[in-house]
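Here is the structure we will look at.
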Amino acid sequence: MWASREDALYESERDDWSFDHLEPIPEASPLIQEWEPPADDGPDRPPVPLSTPELVLSVLHAEDAASRTNGFDRLEVGRISGVEILDELEEWPTEPEVETVDIDPSPRHPRVDYEALDPLPQTDDVLAAVHAINRHAKRFDTEADRAYRIGDGARARVYSLRKKALYRTKTVAVHRLVKADPERTRVVRHDLNGVDEMYCFYFGDEYSFHQPIPAVADELLDGIAADDLETTAIDFEPSAETQDLEYSLGETLRFLASHRLDATDYLDATTVEDYDWGVELSTTFDCLETDAPSESSHGDR
């Protein structure tokens with residue numbers, strides 16, 4: 001540790017260096033009692049009070065945050081309680097002692113009990129609502145990336161949590177839609193741009209929704225019109241456009257909640273702390289302003 005009580009003395013024109021203007025060092029303060037002499041003609045550094053440092057961890061929360069400094073949340077553990085100056089150590093440590101801890105991270109996809117699900121009718125208004133949350137999930141994904149690029153880690157975390165909640169809501173909705181009318185549902189398997197392999201569920205002639213293969217319950221595939229399920233490669237560009245949707249996000253979420261499908265239930269956290277400003281940001285959807293109504297082009301994720 002390096003410390004100096006008064007670097008400004010370097011700029012002093014006095015020939016003799018004095019520290020009389022400094023307050024006395026508190027008796028209870030740990031001291032740095034040894035220091036390297038300056039390399040130039042500057043003043044020697046006196047003993048200094050040492051404020052016990054805080055132990056702070058940078059905790060990875062957000063996706064794609066490993067290479068982004070602002071993708072970490074700051075977790076304050078506490079302050080070091082004291083410093084003891086040792087004359088010598090009998091044995092110097094060579095490697096840190098590391099204790100591994102098993103954690104149970106939040107699942108990427110919701111756990112679906114297909115048998116216990118209530119059917120969700122395959123009506124135009126329900127399908128349009130699922131289509132709308134799909135678009136808004138992609139919009140939040142785009143906004144999270146933009147926030148990371150400008151260094152706003154807290155806001156990016158908010159968008160990322162909302163995106164995940166909407167995609168999880170979509171997964172549950174697809175399961176409930178299939179259960180309502182399996183004979184009207186068709187499923188195929190797509191390789192999207194050579195990157196992701198997903199199921200694609202068709203509801204009638206207008207709506208289709210992709211789902212990651214691990215997100216789909218085995219029971220869902222029983223009894224529905226499935227093609228041979230050989231994978232078909234397709235070029236796919238998801239849309240984040242929401243201005244032309246028929247209903248705003250707020251209207252859509254209220255409508256789905258009336259069918260006992262509440263996106264807030266799938267949030268990993270309801271607040272995110274912004275350490276730069278010392279405030280908490282809400283992730284819940286009830287804080288969103290109502291968007292202007294807009295599109296009925298029925299695309300997919």
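Quick check: anything in the range 103-113 touching a His at 6+ places or on another chain (Cβ under 7 Å) and either open to solvent by less than 20 Å² (accessible area, probe 1.4 Å) or touching a residue at least 12 places away in the same chain (Cβ under 8 Å) (or both)? Yes, that holds for at least one residue.
With respect to (1) among the charged types (D, E, K, R); (2) part of a helix (DSSP H, G or I); (3) touching a residue at least 60 places away in the same chain (Cβ under 8 Å), the lone exception for residue 118 is condition (2). Does residue 253 satisfy the criteria of being open to solvent by less than 70 Å² (accessible area, probe 1.4 Å), touching a Phe, Trp or Tyr at 6+ places or on another chain (Cβ under 6 Å) and not in a loop (DSSP other than H, G, I, E, B)? Spelling it out, residue 253 is indeed open to solvent by less than 70 Å² (accessible area, probe 1.4 Å), touching a Phe, Trp or Tyr at 6+ places or on another chain (Cβ under 6 Å) and not in a loop (DSSP other than H, G, I, E, B).
Within the range 143-173, being under 13 Å from residue 274 (Cα atoms) and outside any helix (DSSP H, G or I) holds for 151, 152. For the range 226-233, does any single residue satisfy the condition of being open to solvent by less than 40 Å² (accessible area, probe 1.4 Å) and on the phi < 0 side of the Ramachandran plot? For the range 226-233, residues open to solvent by less than 40 Å² (accessible area, probe 1.4 Å) and on the phi < 0 side of the Ramachandran plot: absent. Being open to solvent by less than 40 Å² (accessible area, probe 1.4 Å), at pLDDT 95 or above and under 26 Å from the mean Cα position of the chain (by Cα), is that true of even one residue in the range 175-189? Scanning the range 175-189, I find at least one residue that is open to solvent by less than 40 Å² (accessible area, probe 1.4 Å), at pLDDT 95 or above and under 26 Å from the mean Cα position of the chain (by Cα), so the answer is yes. For beta carbons closer than 6 Å, sequence separation of 6+ or different chains, a first residue in the range 264-275 that is touching a residue at least 12 places away in the same chain (Cβ under 8 Å) and a second that is open to solvent by 50 Å² or more (accessible area, probe 1.4 Å), the qualifying pairs are 268/106; 271/280; 273/280; 275/74.
Going by the structure shown, is residue 55 assigned to a strand (DSSP E or B), at pLDDT 70 or above and among the hydrophobic types (A, V, I, L, M, F, W, C)? Spelling it out, residue 55 is indeed assigned to a strand (DSSP E or B), at pLDDT 70 or above and among the hydrophobic types (A, V, I, L, M, F, W, C). Of all the listed residues (240, 165, 173), the sole one being among the aliphatic types (A, V, I, L, M) and in contact with a strand residue (DSSP E or B) (Cβ under 9 Å, 6 or more places away or on another chain) is 173.
The values are calculated or read from the model by the stated rules, or taken from the named source; none is laboratory data. Quick caveat: nothing in here was measured; it's all calculated off a predicted structure. Reconstructed Cβ throughout: ideal geometry from the backbone, glycine too, with neighbour counts over all protein chains shown. All accessible areas refer to the heavy atoms of the entire protein, side chains included, with ligands and DNA or RNA removed. Shrake-Rupley method; radii C 1.70, N 1.55, O 1.52, S 1.80 Å.
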